[in-house]
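Notes to accompany the following structure.
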Amino acid sequence: MRKYLQEYLKNYAYDAEAETTFLAAFDRIGTQALTELCDLYTDEPDFRFEVLTEKIEKIVSETGVNKFAAYFVGMVFLLRKLGEFYAKRGYPERVFDGACRDLVCKYRECRAVKETAGIFAWDWYECFLKLRCFAIGRLQFEMKGFRLPEYAKDGKTVQFDETVLSVHIPSSGRLLKEDCDRSYQAAVEFFSKYFADVFPKDYITFVCWSWLLYTRNSEILPAGSNILTFMEKYDIIEIEEYSKEVSDLMACERIFGIPDLNREIPQKTAMQKSVYAFMQKGGLFGWGYGVFFLSK
């Protein structure tokens, strides 16, 4: 198992601090505890993610390993088992690679926001491990129920709790329109093939529930922003403004990459400069819920 961890860190180009931290954490945790963690993970429909959380917290308590480092090491091996489940179902190798690359994003976010090596978004991986969310190209797609009573356009309709593809945007680089369009089309092909019974219509409904779809972004972000282009794909049918606490947290984690606002705020990019100016005027962020249909 230690060799697998070493190879994983090398294959996904983690830095030297990551290698030192995670191999040391592995040595303290031990093969037996990690094997027990993975043995708890199954692909049965009634699998409970909570049992993994209880086990990793027990590992942290018994070993004294930094919890974010323990989360990372544990997730590496859980994702390896997820890869076995993918292979059993015949899913493309690139989809598993996408899940592994998501862990790289979460590592970088932890380094920036928590100032330590590891991941803090342990609960995020429940949807991956339960085979509900898949990384396909630039974007990620989670099977979820539609949250509103109904939406219809051009003869296509989605009803409350009907399964849709909820779009997640990992922090893996620029959000280019052409990359997103390829992801949407690849998602249609993937889910039509492997989840045909879940998506029986001749179209698939995509939704996104994110700060990226907040309608005031057009006031906040600079002209030509890739986020504004991303928004154009969606009919935004619900919005809400965050509280100041949540707005500040979102800005720290998503825009500035810092633990809190009580420090020098980076203004290296046009977006950071625009967001900083908006916040200086007392502006708050929010979220939008958007939807569009894509034919098979």
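Can you tell me which residue among Arg28, Arg108 is over 21 Å from Met1 (Cβ atoms) and either touching a residue at least 24 places away in the same chain (Cβ under 8 Å) or not hydroxyl-bearing (Ser, Thr, Tyr) (or both)?
Arg108
Which of the following residues is within 18 Å of Asp97 (Cα to Cα), touching a residue at least 12 places away in the same chain (Cβ under 8 Å) and in contact with a strand residue (DSSP E or B) (Cβ under 8 Å, 6 or more places away or on another chain): Ser183, Ser192, Ser172?
Ser183
Go through segment 37-87 and report how many residues are among the β-branched types (Val, Ile, Thr) and not in a helix (DSSP H, G or I).
Final tally of qualifying residues: 2.
What tally of residues in segment 195-220 results from selecting those that are in a loop (DSSP other than H, G, I, E, B) and in contact with a strand residue (DSSP E or B) (Cβ under 6 Å, 6 or more places away or on another chain)?
3
Can you tell me which residue in segment 87-118 is nearest to the chain's Cα centre (by Cα), limited to those that are farther than 13 Å from Tyr14 by Cα and among the aliphatic types (A, V, I, L, M)?
Top of the filtered list is Ala99.
Identify, by number, the condition in (1) under 29 Å from Phe120 (Cα atoms); (2) free of Cβ contacts under 8 Å to residues at least 60 places away in the same chain that Gly224 doesn't meet.
Failed condition: (1).
Tyr289 fails exactly one of the following numbered conditions: (1) assigned to a helix (DSSP H, G or I); (2) among the hydroxyl-bearing types (Ser, Thr, Tyr); (3) in contact with a Lys or Arg (Cβ under 9 Å, 6 or more places away or on another chain). What is the number of that condition?
Every condition holds for Tyr289 apart from (1).
Can you tell me which of Val76, Val65 is surrounded by 15 or more Cβ atoms within 10 Å (Cβ to Cβ), touching a residue at least 40 places away in the same chain (Cβ under 8 Å) and closer than 22 Å to Ser172 by Cα? Let's see the steps before the verdict.
Details: Val65 fails: closer than 22 Å to Ser172 by Cα.
From the options Val76, Val65, the qualifying one is Val76.
Output the residues belonging to segment 5-23 that are surrounded by 12 or more Cβ atoms within 10 Å (Cβ to Cβ) and either touching a residue at least 12 places away in the same chain (Cβ under 8 Å) or closer than 14 Å to Lys81 by Cβ (or both).
Hits for segment 5-23 are Leu5, Gln6, Tyr8, Leu9, Tyr12, Tyr14, Ala18, Glu19, Thr21, Phe22, Leu23.
Test Val291 against the criterion of being within 22 Å of Glu115 (Cβ to Cβ), β-branched (Val, Ile, Thr), surrounded by 17 or more Cβ atoms within 10 Å (Cβ to Cβ) and touching a residue at least 40 places away in the same chain (Cβ under 8 Å), and give yes or no.
So Val291 fails the test.
On the given criteria, is Phe49 in contact with a Lys or Arg (Cβ under 7 Å, 6 or more places away or on another chain), more than 19 Å from Ser171 (Cα to Cα) and either modelled with pLDDT under 95 or not basic (Lys, Arg) (or both)?
So Phe49 fits the description; yes.
Out of Glu238, Glu245, which single residue is of a type in the set (D, E, K, R) and without any contact (Cβ under 8 Å) to a residue 60 or more places away in the chain?
Details: Glu238 fails: without any contact (Cβ under 8 Å) to a residue 60 or more places away in the chain.
Of the residues listed, the single one that is of a type in the set (D, E, K, R) and without any contact (Cβ under 8 Å) to a residue 60 or more places away in the chain is Glu245.
Among the numbered criteria (1) farther than 17 Å from Val198 by Cβ; (2) over 15 Å from the mean Cα position of the chain (by Cα), which one does Phe146 miss?
(1)
Take segment 97-150 and flag every residue that is touching a strand residue (DSSP E or B) at 6+ places or on another chain (Cβ under 6 Å), assigned to a strand (DSSP E or B) and surrounded by fewer than 21 Cβ atoms within 10 Å (Cβ to Cβ).
Correct list: Glu142, Met143, Lys144, Glu150.
If you scan segment 238-254, which residues turn out to be aliphatic (A, V, I, L, M), modelled with pLDDT of 90 or more and surrounded by 15 or more Cβ atoms within 10 Å (Cβ to Cβ)?
The answer is Val246, and nothing else.
The values are calculated or read from the model by the stated rules, or taken from the named source; none is laboratory data. Quantities reported herein were computed from a predicted structural model and do not represent experimental measurements. Note: ideal-geometry Cβ built from the backbone for every residue, glycine included; neighbour counts use all protein chains shown.
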